[in-house]
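The values are calculated or read from the model by the stated rules, or taken from the named source; none is laboratory data. The structure displayed is predicted, hence computed values, not measured ones. When we count neighbours, we look across all protein chains shown, and the Cβ atoms used for this are built from the backbone with ideal geometry, even at glycine. Only protein heavy atoms, including side chains, enter the accessible area calculation; ligands, DNA and RNA are left aside. Shrake-Rupley method; radii C 1.70, N 1.55, O 1.52, S 1.80 Å.
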Amino acid sequence: MTPLRVVVADDQALVRAGFRMILTADGIEVAADAADGAQAVDAVRRTCPDVVLMDIRMPVMDGLEATRRILSTPAEAPRVIILTTFDVDQYVYSALTAGASGFLLKDVSPEQLVAAVRLVRAGDALLAPTITRRLVERFAAPERVAAATHRDLATLTPRELEVLRFLARGLSNAELAARFQLSEATVKTHVARILAKLRLRDRVQAVVVAYETGLVTPGGR
């Protein structure tokens, strides 16, 4: 398996150095670091990392815009983990809608940092769907949700739409299996097909799409 490669983007040199030390000690290569969003975009284009650790508040270009630019070509883009000092932050929601795979607080432990990088590299989301749902319900404007469209929803079968609807409410694979009287393997197949058809990276993105298309409404049952 090829070594896991990371770009660290943060305007604080001590944060970059600390993350580099932690990741390197665990056998993860830090391909580059960046002090602002513009440098982060350039570093990603030069080094093609697997994962980007992206601070939100940086000079020149903030982490949100840098995330949008990095993820504008999904087929080649790395996973992005947002770094923040706030556990619930509107910028985190905006980053998720831009395609980020989750967020970490900057005071994360070394073990949690390493585990998070490996988790998203494997294709998993770093945020539980229930947390994403709370972010969406708090920050998604109702008129925006009602007006949003996502043309690919038409490609889903009725069963896949139902799975997406309950996935967005925070149900795990086991809970989905129980609700639909299916095996967990079959549920995983449905989820994989939903992600593929909607061109989504993970379950977190599926939750965002479900709310922003109006398939599920904030506060709705």
Gain upon complete extension [ARG45, VAL60; 0.36 nm per residue less C-alpha separation]: 3.6 nm
Applying a 10 Å radius around every beta-carbon, put 189-199, 50-60 in order of their mean neighbour count, most first. 50-60, 189-199
Relative to the present Cα-Cα distance, how much length would full extension add between THR217 and ASP152 at 0.36 nm per residue of separation? 21.6 nm
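Might you tell me the accessible area per residue for segment 170-221, computed with a 1.4 Å probe and given in Å²? The partial results should precede the final answer.
Numbers: 2550 Å² over 52 residues.
Value for segment 170-221: 49 Å² per residue.
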Accessible area per residue, 1.4 Å probe, Å², for segment 1-116: what's the number? 46
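Once you have the alpha carbon radius of gyration of segment 1-124, what is it after dividing by 2.2 N^0.38 Å, with N set to its residue count?
Working: Rg = 12.7 Å, N = 124, 2.2 N^0.38 = 13.7 Å.
For segment 1-124, the normalised Cα radius of gyration is 0.92.
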Which order, highest average first, do 156-162, 116-122, 91-97 follow once you tally other Cβ atoms within 10 Å for each residue and take the mean per peptide? 91-97, 116-122, 156-162
